[in-house]
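The values are calculated or read from the model by the stated rules, or taken from the named source; none is laboratory data. It should be emphasised that the depicted structure is a prediction, and the values quoted were computed from it without experimental measurement. Here the Cβ positions follow ideal geometry from the backbone for every residue, glycine too, while neighbour counts run over all protein chains shown. Accessible surface is based on the protein model in full, side chains and every heavy atom, while ligands, DNA and RNA are left aside. Shrake-Rupley method; radii C 1.70, N 1.55, O 1.52, S 1.80 Å.
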Amino acid sequence: MIRLLVGRGTGFLAAAIVLTFTTYFYRVILPANQTTVALTFLLAILAVSAVWGMAVSVFMSVTAMLLFNYYFLPPVGTFTIADPQNWIALFAFLFTSIMGSQLSAKIRKEADAANSRRMELERLYAFSQKLLGEGNVIQLMNAVPNYIVECFEAGASELFMPQKDKYYRSGYGAAQIDEEQLRAAYLRDDAVVNSQEALYFLPVRLGVKPMGSLGISGAKLSRQTLDAIGSLVAITIERARAIEQLGESEADRQGERLKSALMDSIAHDFRTPLTSIKAAVTSLLAAPQAKPAQAQELLTIINEECDRLNHLVEEASEMAKLEAGEFELHFEAVRIEDVIQQALQHLKKPLGDREVQVRVNPGLPPVRADMTRTKEILVQLIDNANMYSSKEEPITISAELTGDCVTTSVADCGPGIDPFEQGLIFDKFYRGRDQRYQIRGTGMGLAIAKAIVNAHGGSLSVTSQLGHGSVFSFTLPVAGTSGAAR
């Protein structure tokens, strides 16, 4: 109210100044005919009405008519009009000025309304963008009141969700909002709009059934905007719930896939070592007086197959820990040459007499890595190269500096990987179509390696050409760089 009075007062003062200046200008500085004066008065009235509205323009129109009569219509200096035609001109001037003012004020009001609708649409868009950024239902419901306050410049906001009988408040004075009225808006499924106090209570409805209610105070909002806010909140909550349910369904699906993969591993990979162990034990039991050399051979078979079984179980356990995030990396400055040597030492027996070429660029800086986990990556890549390529062909291990990272590659001369499969081989349990029944494995090794590399802030990739072999490369950040701090 005070702002309105101040604005009106400024308008009346501006109207009086414009009329005084116009009258003085045409009476003293540049005398002009009556038509010029009348048109100047009309233009001034239209300009003022466009800024300060109808009340000021009516005051200005009446005052301009009196000034026009007194100073410019004969006899000048009196309010008497000698020529009857001037009466028509005078009232035509008054009618034109008032009608023009009314039209100008109407256009101004419509322009203000259009601008207000535009601003509300922009705010609704910003509000919807913020809502879409939330995927978790609990986080979303906590964030909704703050987003309303931020986007619509409200004083306070509060969300009521009856399923949990809980209120979610903004951090900007939500105590002004009556929680009983908020609950009543949900129960009645009807909005309560108090425009004078800028207080609103509205149901959050998806379709015909309300799922909660919203209270907003301190913002000037139209009924359409309120309905849009309620619908947006309802749709976003339902979307977040759907995403969570989809995640749960995907987790169940992955769980079933894991069970299936484990059963497949048991059927294929566990059966072979168990058969060998059973045969060796049966032979020992059947011939307790067997020669020491024969007994030693059978015991060696049992030992190797037990190690193989243990490796399969460890891979399954490792994959479960990586997916659950239940592992910890112990970072230190590590020389990649040392990692390569340890990995080769670990694989000394599987590699046997196979040629392994190591090409490490001299002067490589140390990387920020977990020594044990990094060795696991290399062991997996070298073991894959050993299994999927001919024993007569060499395996090449190389390392070089690329930017702020050290790139380590393992190349083989195997059959190569089909371009379609190159994007799938890092998925859990996926095994190549041509090798899945020829070479033992569970399809978890590369997935484990990729998870470890990602945890280091690096990347794992493959380049392959059918008939010419494959190159697996992974990057690790150099110790002390910004990339290593991730």
Cα gyration tensor category, rounded, prolate or oblate, for the range 100-225 with a/c compared to 1.5: prolate
Above-threshold pairs, the threshold being 28 Å between Cα atoms, out of Lys109/Lys209; Lys349/Lys450; Lys109/Lys220: Lys109/Lys209
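Rank these by accessible area, largest first, 1.4 Å probe: Glu355, Glu393, Glu197, Glu134.
Numbers: Glu355 100, Glu393 75, Glu197 130, Glu134 35 Å².
Correct descending sequence by accessible area is Glu197, Glu355, Glu393, Glu134.
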Length released on extending from Ile17 to Leu329, taking residue separation times 0.36 nm less the Cα-Cα span: 104.5 nm
For peptides 31-40, 142-151, sequence by mean Cβ density within 10 Å, most packed first: 142-151, 31-40
Nonlocal amide H pairs with Gly469, under 5 Å, H built at 1.01 Å: Gly414, Gly416
Rounded percent of accessible protein surface that carbon and sulfur make up, the range 95-228, 1.4 Å probe: 52
Derived scalar couplings ³J(HN,Hα) [the range 404-410; Karplus, 6.51 cos²θ - 1.76 cosθ + 1.60; whole Hz; x for Gly, Pro]: 9, 10, 9, 9, 10, 10, 10
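Could you compute the FRET efficiency for Met371 and Ala287, with r as their C-beta to C-beta distance and R0 at 45 Å, rounded to 0.05? Walk me through the numbers on the way to the answer.
On the way: r = 46 Å, r/R0 = 1.02.
Result of the calculation: an efficiency of 0.45.
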Difference of contour (0.36 nm per residue) and Cα-Cα distance, Met119 to Glu392: 91.0 nm
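By how many nm would the segment from Gln465 to Phe25 grow when fully extended, if each residue of separation counts as 0.36 nm and the alpha-carbon distance is taken off? Numbers along the way, then the final one.
On the way: separation 440, 0.36 × 440 = 158.40 nm, distance 9.10 nm.
Between Gln465 and Phe25, full extension yields an extra 149.3 nm.
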In sequence order, calculated HN-Hα J values of the range 46-61 (Karplus, 6.51, -1.76, 1.60; Hz; x Gly/Pro): 4, 5, 5, 5, 5, 9, 10, x, 5, 4, 5, 5, 5, 4, 5, 5
R0 of 45 Å, Cβ-Cβ distance Glu400-Gln129: FRET efficiency to nearest 0.05: 0.55
Per-residue HN-Hα couplings for the range 125-134 [Karplus 6.51, -1.76, 1.60; θ = phi - 60°; Hz; x = Gly/Pro]: 5, 4, 5, 5, 5, 5, 5, 5, x, 9
Distance (nanometres) between label positions extended 7 Å along Cα→Cβ at Glu180 and Arg223: 2.7
Whole-angstrom Cα spans of the range 355-418 along principal axes, big to small: 33, 25, 23
Probe 1.4 Å - accessible area at Tyr125, Å² to nearest ten: 140
Calculated FRET efficiency for the pair Asp353/Glu304, C-beta based, R₀ 30 Å, to 0.05: 0.95
Built amide H within the under 5 Å cut-off of Ala156, gap 5+: Ser217
